[in-house]
Amino acid sequence: CNILGGSTASMVDADVMKECMKFASAAGALAVTKQGAVPSIPSRGEVDALLRKTATSSGDTIPRGGAANDEGGRDPGDDFPYMFGSRLNSMKDRPELWSKRVDNVREWVKRQGRIKGLGCVDFNYPQHFHDWDVADAKAALDEVGLVAGAVCLRYPSKFARGAMNHPEETLRKEAVEMTKRAGEVAKELGCDEVVIWSAYDGYDYSFQVDYTEKWQQLVSAFQDCCDAHPDIKWSLEFKPTDENTRFFTVPSTGAALLLVKEINRPNMGLTLDVGHMLMAGENPGQSIAMVGDKLFGIQLNDGYTRLAAEDGMMFGSVHPTMALEIMYQLQENNFHGHLYFDTFPQRTDPIKEAEYNIQSATRFWRAAKMLNENGVKEIMKNHDAVGALNLVNEILKAEH
C-alpha cells in the first residue's frame with residue numbers, strides 16, 4: 001500500500017500506527033451494528049469499552065478507575081458491553097471520608113478515580129468549567145485512567161425564566177450559543193454526546209405561557225444545535241416537574257419522542273432518567289422500548305415514586321423487577337452508550353455507593369440475558385402475569 005510516502009511512513013511509530021488501526025477497527029465494528037449514518041457513529045467511550053473487552057480476552061490490560069484494573073465485582077470473563085459513569089457532583093458528599101478538600105472539580109475527578117469499575121466521567125457545562133479549562137480536565141482524566149463520557153448542560157440561574165424558552169430573544173439566543181459551545185467542549189474532551197436538561201424551561205401556572213410557542217422555540221433551538229454540530233449526538237433529558245419548574249415544556253417520554261420527531265434530525269435523541277420516568281408515572285421498561293434507536297443515553301437510579309419526588313436511590317434498591325426490565329429492554333434495543341448513575345449519596349460513602357451501583361447494574365444485566373432463553377417471549381405473548389412473576393423470581397434468585 002502506498003498511502004503514506006516513504007519519508008512520512010518512516011516518521012510514524014509502529015506502535016502508534018498499530019493502536020490507530022485497532023481503534024479504527026473497533027469503531028468500524030460498532031458502526032455496522034446500527035442503522036443510520038450519524039446514529040451509527042460510536043462514541044469514544046463505546047470504542048474504549050470494546051477495546052477493553054477485546055484486550056481482556058487477549059491478555060492485555062487497560063486500567064479503568066484508579067488504574068486498578070478492577071471491575072468492581074464484575075466477572076472478568078463476562079461480556080458486559082458498557083462503560084460506567086457516575087454523578088460527579090456526588091463526590092463532594094461525605095467529605096470527611098476523603099483525605100483532601102472536596103471543594104473543586106479536580107478533586108471530584110480524583111475521587112471518582114478510586115471507584116472500582118468506573119470508566120468515564122460526565123461533565124456539567126458550564127458548571128464544571130469555571131475554575132479550570134478543558135485541557136486541565138483532560139489531564140485530570142488521564143491521571144486517574146478515565147475518559148469523558150458526555151457533556152451535560154446546566155444552565156446558570158440567569159436563565160431562571162427559561163433557557164431556550166426565555167421570554168427575551170437575546171437570552172434565548174445566548175442559551176442556544178451556550179448549548180453549541182457544549183458541543184465544542186465535548187469534542188475537545190474526546191466524546192460525542194451532549195445531554196440537555198434545563199431546570200428552567202417550563203411554567204408554574206395556567207395561562208403563564210403560550211404552550212405552542214414554547215414548543216416551537218425548542219424545536220427551532222435543537223435544530224440549530226444539531227445542524228451546527230452534526231457529529232455530536234444531542235440528547236434531551238426530560239423531567240416532569242421539580243422545585244424550579246412545576247411543569248416542564250417536555251414532561252414525559254411521549255412528549256419527548258414527539259419533539260424529537262418534529263426536530264427531524266438524525267443526531268437528535270433522548271436520554272432517559274429512571275427517576276424522571278417514575279415521577280412521570282411511567283414504567284421505565286416500556287418507555288425504553290418506545291424510544292428504540294433514539295435512546296442515546298440512560299441514567300440509572302431508583303425511587304419511592306412519591307408525588308413530585310426525585311429520590312436518587314441506588315439502582316434496583318426499590319424496584320428490582322423494574323431494574324431487571326430496564327436492562328432487558330436495553331438489550332432488546334441494542335443500546336449503544338454508557339450507563340450513568342444519577343444518584344444522591346448525601347449520607348452514604350459516594351465511592352461505595354457508586355461501586356454498589358456498578359455491581360447491581362452488572363448483576364441485573366446478567367440476569368436479563370437469561371430471560372429469553374427461559375421463555376419470556378412466550379410469557380409476554382400469552383399475557384401471563386403469574387408466569388412472568390415466577391420467572392423473575394427464579395432469575396433473580398439464580399443471580400444471587
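A few notes on this one:
- Of L258, L270, all but one fail to be surrounded by fewer than 17 Cβ atoms within 10 Å (Cβ to Cβ) and more than 24 Å from L371 (Cα to Cα); the exception is L258.
- Residues in the stretch 322-379 that are assigned to a helix (DSSP H, G or I) and among the hydroxyl-bearing types (S, T, Y): Y328, Y356, S360, T362.
- Per-region count, the stretch 288-313, residues over 16 Å from the mean Cα position of the chain (by Cα) and surrounded by 24 or more Cβ atoms within 10 Å (Cβ to Cβ): 0
- Filtered residues of the stretch 296-331 (kept if in contact with a Phe, Trp or Tyr (Cβ under 8 Å, 6 or more places away or on another chain), of a type in the set (D, E, K, R) and over 22 Å from P251 (Cα atoms)): none
- From the options W197, W98, W108, residue that is buried (at least 18 other Cβ atoms within 10 Å of the Cβ), within 28 Å of E353 (Cβ to Cβ) and modelled with pLDDT under 95: W98
- L278 of a type in the set (A, V, I, L, M), surrounded by 24 or more Cβ atoms within 10 Å (Cβ to Cβ) and closer than 28 Å to A228 by Cα: no
- Some residue of the stretch 96-119 being part of a strand (DSSP E or B) and closer than 29 Å to V47 by Cα: no
- Selected residue (criterion: nearest to G183 (Cα to Cα)) from residues of the stretch 136-148 that are open to solvent by less than 10 Å² (accessible area, probe 1.4 Å) and small (G, A, S): A148
- Unique match (being open to solvent by 10 Å² or more (accessible area, probe 1.4 Å) and under 18 Å from the mean Cα position of the chain (by Cα)) among Q331, Q346: Q331
- Scope the stretch 151-197; condition touching a residue at least 60 places away in the same chain (Cβ under 8 Å) and under 16 Å from Q216 (Cα atoms); matching residues: N165
- Qualifying position, being buried (at least 19 other Cβ atoms within 10 Å of the Cβ) and at positive phi, among G183, G117: G117
The values are calculated or read from the model by the stated rules, or taken from the named source; none is laboratory data. Just so it is clear, the model here is predicted, and its values are computed rather than measured. Positions of Cβ are generated from backbone atoms using ideal geometry, with glycine treated the same way; all protein chains shown enter the neighbour counts. Ligands, DNA and RNA are excluded from the accessible area calculation, which covers all protein heavy atoms including side chains. Shrake-Rupley method; radii C 1.70, N 1.55, O 1.52, S 1.80 Å.
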